[in-house]
There are 2 protein chains.
Amino acid sequence: MPDFEEPIERLIEYFRSLPGVGKKTAQRYAFFVIENSRDKAVNFAKALVEAKDKVHLCKECGNYCASEICPICERRNQKVICVVQEPKDIVAMEKVKSFDGVYHVLFGCINPLENKGPNDIKLKELLARVGKNGVQEVICATNPDVEGEATAMYIAKLLKPMGVKVTRLAQGISIGSDIEFADEVTLEKALKSRQEI
Amino acid sequence: MPDFEEPIERLIEYFRSLPGVGKKTAQRYAFFVIENSRDKAVNFAKALVEAKDKVHLCKECGNYCASEICPICERRNQKVICVVQEPKDIVAMEKVKSFDGVYHVLFGCINPLENKGPNDIKLKELLARVGKNGVQEVICATNPDVEGEATAMYIAKLLKPMGVKVTRLAQGISIGSDIEFADEVTLEKALKSRQEI
């Protein structure tokens, strides 16, 4: 027998399907909804469907947006493209207020273990953008792991013949971290890329 | 400027209003909804409103239920009432398969610091139930803190003149825990209530 009657149980199930949500948390969310006003539940429900209906991928960069072209692509310097794996990486990058270029979302990276080759991510689209807009630099902000690294290398090989500068985010120790706890791979990279002061 | 356009931002805000959900988690939930099928979003939305519309408080015990009287009140022994503070406490108690009585939800406890007196929780309703059904025992399963303790004492004072046995969940060290890490109040209680083996 389930712990609750059907309408509660069903809501708990939906909350449980969210990433990282277990049974107890889902139950807590469901109780919160039930304890709050009907208006709030209705508006929450509307927001769910509306987000799904109105949010599309930007035709240019692949970021989530409500219009055809996202606000970043519309207003900013098209000559510098920062390549990221997922839309949520754009949120992180956008915290760096000084970056004025645009983005390109790959939706993944080259990952042979998951059977993801160059044709399974948005590389063709990147190539088309670079050819079209007189792009001067492509910054690879793929993740600093084996797959992200390989994807960056692949992009460099692809774009260099087109006369585009391809760069990669610097790798080293994080600001505010502790050298005592840094892993050896990061330290080795930081040592190799050391800079004169 | 917000991180996202309006429909995404609004959905994130609703997720953020859930208990214990911060900005990053809300964003993760919202992206999950956007990345999944429209059907799923619509059904999730429906479940939200339906839970709010169909779920009421059981007329007898105050537990959440979809009918007038909850399945527990309908089927089980009305002569033993277990008093709890919140509906979610019933879920925990129900894991003890051997309990065959019914419940009574107080919706809080007596808490002078929060200006909650005996009239602000469902004590009148408990009194009415005890008077009506020939109840033999009331088990106080309020929380083992000062407020829960005080509430249990108050209930005992209220019901004893009616000839009802009032009991309290035993307090002591938890099964599977470590005496080394038990706090002194719990240990003192466990020592006082020691039992011959």
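Straight-line cross-link partners of A:LYS116 among the lysines, defined as a Cα under 24 Å from its Cα and at least 8 positions apart when in the same chain: A:LYS59, A:LYS88, A:LYS124, A:LYS157, A:LYS160.
Expressed to the nearest 5 percent, the antiparallel share of DSSP beta bridges inside the protein assembly as shown is 20 percent. Reported to the nearest whole Å, the Cα centre-to-centre distance from segment A:3-59 to segment A:72-105 is 31. Surface composition of segment B:6-54: carbon plus sulfur atoms contribute 47% of the solvent-accessible area (1.4 Å probe, protein chains only, all chains present). Which FRET efficiency value, to the nearest 0.05, is calculated for A:LYS97 and B:ILE179 with the Förster distance at 56 angstrom and r the Cβ-Cβ distance? Calculated value: 0.55.
Shielding value for B:68-75 is 1, the average number of Cβ atoms from other chains within 10 Å of each residue's Cβ. Between A:PRO112, A:PRO71, A:PRO87, the GNM of chain A built on Cα springs shorter than 10 angstrom shows A:PRO112 fluctuating the most. With its label point defined 7 Å out from Cα along the Cα-to-Cβ axis, B:GLU196 lies at 8.9 nm from the matching points of the other copies, in increasing order. Each residue of the protein assembly as shown gets 236 Å³ once the volume of the Cα convex hull is shared out per residue. The residues of the protein assembly as shown expose, per residue, 58 Å² of accessible area to a 1.4 Å probe.
Considering only alpha-carbon pairs that sit under 8 angstrom and 6 or more positions apart, the relative contact order computed for chain B is 13 percent. Partner shielding of A:29-42 amounts to 5, given as the average count of beta-carbon atoms from other chains within 10 Å of each residue beta-carbon. In segment A:1-27, burial by the other protein chains removes 40 Å² or more of 1.4 Å probe accessible surface, compared with the chain on its own, from A:GLU5, A:PRO7, A:ILE8, A:ARG10, A:LEU11, A:TYR14, A:SER17, A:LEU18, A:PRO19.
With a 1.4 Å probe rolled over the protein heavy atoms of all chains, the accessible area of A:ASP89, B:ASP3 falls in the order B:ASP3, A:ASP89, largest first.
Largest accessible area first, the listed residues B:ARG129, A:ARG76, B:ARG194 line up as B:ARG194, A:ARG76, B:ARG129 when surface is computed with a 1.4 Å probe on the assembled protein chains. When the Gaussian network model of chain B links Cα atoms closer than 10 Å, the mean-square fluctuations of B:GLN85, B:GLN27, B:GLN171 top out at B:GLN27. The DSSP beta bridges internal to segment B:1-160 are antiparallel in roughly 25% of cases. Normalised by the number of residues in segment B:52-146, the mean separation of alpha-carbon contacts (under 8 Å, six or more apart) gives a relative contact order of 29 percent. The rotation axis bringing chain B onto chain A passes closest to the chain B residue reported with its distance as B:ALA45, 2, by C-beta distance in whole Å.
Near B:LEU113, once Lys and Arg are set to +1 and Asp and Glu to -1 for all other residues with Cβ below 15 Å from its Cβ, the sum equals -4. Helices in chain A, meaning DSSP H runs of at least 4 residues, each add -39500 (n - 2.57). Divided by all residues, the mean residue ellipticity at 222 nm is -13500 deg cm²/dmol.
The residues packed around A:CYS61, meaning those with a beta-carbon under 11 Å from its beta-carbon, carry a net charge of +1 if Lys and Arg are +1 and Asp and Glu are -1.
The values are calculated or read from the model by the stated rules, or taken from the named source; none is laboratory data. As the structure is a prediction and not an experimental result, all values here were calculated from the model. FYI the Cβ positions are ideal-geometry reconstructions off the backbone, even for glycines, and counts take in every protein chain you see. Note: accessible area is taken over every heavy atom of the protein model, side chains too, but ligands, DNA and RNA are not part of it. Shrake-Rupley method; radii C 1.70, N 1.55, O 1.52, S 1.80 Å.
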